Amino acid sequence: MKKSLHTQTRQIVNRLARIEGHVAAVRGMVERGRSCPDVLTQLAAVRAALDQVGRLVLSDHLAHCVVDAAQRGDARRTLADLEAALERYFR
């Protein structure tokens, strides 16, 4: 794995691993026939956890990639790339 300059990488990876486990548990709930409201509640929790990871990724990107690009004189392109990514993220 490529060494990252990002300070939140380990935290992001750990959160994603927990989300994977949570999704597997929700799949098990569906397979066991748990109630729809219970499944929906857990799906909302998964979505909230993914939103938190998205916030961490964005924060790390702003703190490192955007700052680094500004120091290199490449902020315009980096901000355009960020804007495009946010457009896809918020669809």
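Each residue in the stretch 1-54 was checked for being under 24 Å from residue 90 (Cβ atoms), basic (Lys, Arg) and surrounded by fewer than 15 Cβ atoms within 10 Å (Cβ to Cβ), and 2 pass. When 53, 23, 13 are screened for being at pLDDT 95 or above and within 21 Å of residue 81 (Cβ to Cβ), only 53 passes.
The values are calculated or read from the model by the stated rules, or taken from the named source; none is laboratory data. Here the structure is a predicted model, which is why all the values come from computation and not from measurement. Note that each Cβ is placed from the backbone with ideal geometry, even for glycine, and that neighbours are counted across all protein chains shown.
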